[in-house]
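Asker: Would you mind keeping the following structure in view while I ask a few things?
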Amino acid sequence: MSERPRVLLLAGLTLTALLPLAALLLAAFGMRWFFPSLLPEAWTAESWRDLGGGRLLTALVESIGLGLAVGVGATALAVPIGRALARAGGGLERLGAAAAFLPVAVPPIALAAGLQLALLRLGLGGTRTAVFLGHLVPATGYLSLYFLGVFRLLDPDYEATARTLGATPRQVLQRVLAPLLARPLREALALGFLISWAQVPLTLVLGGGRVRTLAVEVVAYVQAGQDRHAATAGLLLVIPAVLALAIARRSADRTTVVMT
């Protein structure tokens, strides 16, 4: 491929990535922005002042708390699952990997409908617990596949050698596995957080409209025609994803330097 088509492709990719974010930024601060004007007629920070209290702040705190809980819970479940699958090998590994992939591949609305039927019978419908458990299902499946890959690359001889030298299971965990898994654990926590952070169908169905996360508020603001608040909430949703991308890029650069 010649230089010009490559530049055009990169320019198109950059434009499609940045244009929606630019529109959100303008809408979040703009007033009286009507077609065919390219820019708003006036500027305001009214919607951002709502972060000092009220509906937007409540949704932000709800999303952060739920995302952190799901990240920690899914990671704690996925580490032993991924390790067991990697050590099992053969057909059992493939079957377990397929089971872990199922809640990731199933459309979220279908997954939400099935979970709702089960959680209603447990008396958990419309509660934060129901939303947490709902988010935990795809997050655990995704992270189980992630740790399956991690443990496939991790030499089991490290653990075997430590046990041969007299280390207890707890010492193997603390002195061998924990240092080796420090980076994957951080990445898994971030991935689990992001999976929960952006969930809409599971939150709406399982929360029954009572659990108001930031993603749910974006939908509500759009439906109500409150474009400025919708854009503000949308920008807040983007921030963790951008930070995670930057951290992942920095980690990759450090790994490249070390390997070089």
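Asker: If amide hydrogens are placed 1.01 Å from N in the peptide plane, which non-local residues have theirs closer than 5 Å to the one on Gly30?
Answerer: So Gly30 has HN proximity to Thr44.
Asker: Next up: Mind checking which of Leu204, Val218, Ala45 is farthest towards the positive end of the chain's charge dipole, using Cβ charges of +1 (Lys, Arg) and -1 (Asp, Glu) about the Cα centre?
Answerer: The residue sitting most towards the positive pole is Leu204.
Asker: Among Tyr142, Tyr221, Tyr158, which one shows the highest mean-square fluctuation when the chain is modelled as a Gaussian network with alpha-carbon springs under 10 Å?
Answerer: Highest fluctuation among the options: Tyr158.
Asker: What angle, in degrees between 0 and 90 and rounded to the nearest 10, separates the Cα long axis of helix 108-121 from the longest principal axis of the Cα atoms of the chain?
Answerer: Relative to the chain, helix 108-121 is tipped by roughly 70 degrees.
Asker: Quick check on the exposure proxy: order Leu111, Leu8 from fewest to most C-beta atoms within 10 angstrom.
Answerer: Leu8, Leu111
Asker: Suppose we keep just the alpha-carbon trace of region 39-181; what are its Rg and Dmax in angstrom?
Answerer: According to the Cα coordinates of region 39-181, Rg and Dmax are 21.0, 73 Å.
Asker: What FRET efficiency, computed as 1/(1 + (r/R0)^6) with R0 = 45 Å and r the Cβ-Cβ distance, is obtained for Asp155 and Val242, rounded to the nearest 0.05?
Answerer: Details: r = 35 Å, r/R0 = 0.77.
Result of the calculation: an efficiency of 0.80.
Asker: Quote the FRET efficiency, to the nearest 0.05, computed for Leu57 versus Thr14 with a Förster distance R0 of 22 Å and r equal to the Cβ-Cβ distance.
Answerer: 0.10
Asker: Using only alpha carbon pairs under 8 Å that are at least six residues apart, calculate the relative contact order of region 68-211 and give it in whole percent. Can you show the working numbers first?
Answerer: Values: 164 pairs, mean separation 64.9, N = 144.
After rounding, I find 45 percent.
Asker: Also, quick follow-up: Treat each spin label as a single point 7 Å out from the Cα along the C-beta direction, and report the Gln171 to Val200 distance in nm.
Answerer: Going from the Gln171 label point to the Val200 one covers 5.4 nm.
Asker: So, one more: Could you grab the Rg to Rh ratio for region 132-253? Cα atoms only, Kirkwood for Rh.
Answerer: That ratio is 1.14, to two decimals.
Asker: Turning to a different aspect of this structure: What area, in nm² and to one decimal, does the C-alpha convex hull of the chain cast on average over all directions?
Answerer: Working: hull surface 81.3 nm².
Result: 20.3 nm².
Asker: Now for a different question. Can you give the charge dipole size of the chain about its Cα centre, rounded to the nearest 20 debye, using +1 on the beta carbon of Lys and Arg and -1 on the beta carbon of Asp and Glu?
Answerer: For this selection, approximately 440 debye.
Asker: Let me ask you something else. How do His229, His135 line up, fewest other C-beta atoms within 10 Å first?
Answerer: The order, fewest Cβ neighbours first, is His229, His135.
Asker: By counting other Cβ atoms within 10 Å of each Cβ, how are Ile195, Ile239 ranked from fewest to most?
Answerer: On the way: Ile195 23, Ile239 10.
Listed from fewest to most nearby Cβ atoms, that is Ile239, Ile195.
Since every read-out is calculated from the coordinates, none of them should be taken as a lab result. Predicted model only: the values in this text are computed from it and were never measured. No Cβ is skipped: glycine too gets one built from the backbone with ideal geometry, and neighbour counts run over all protein chains shown.
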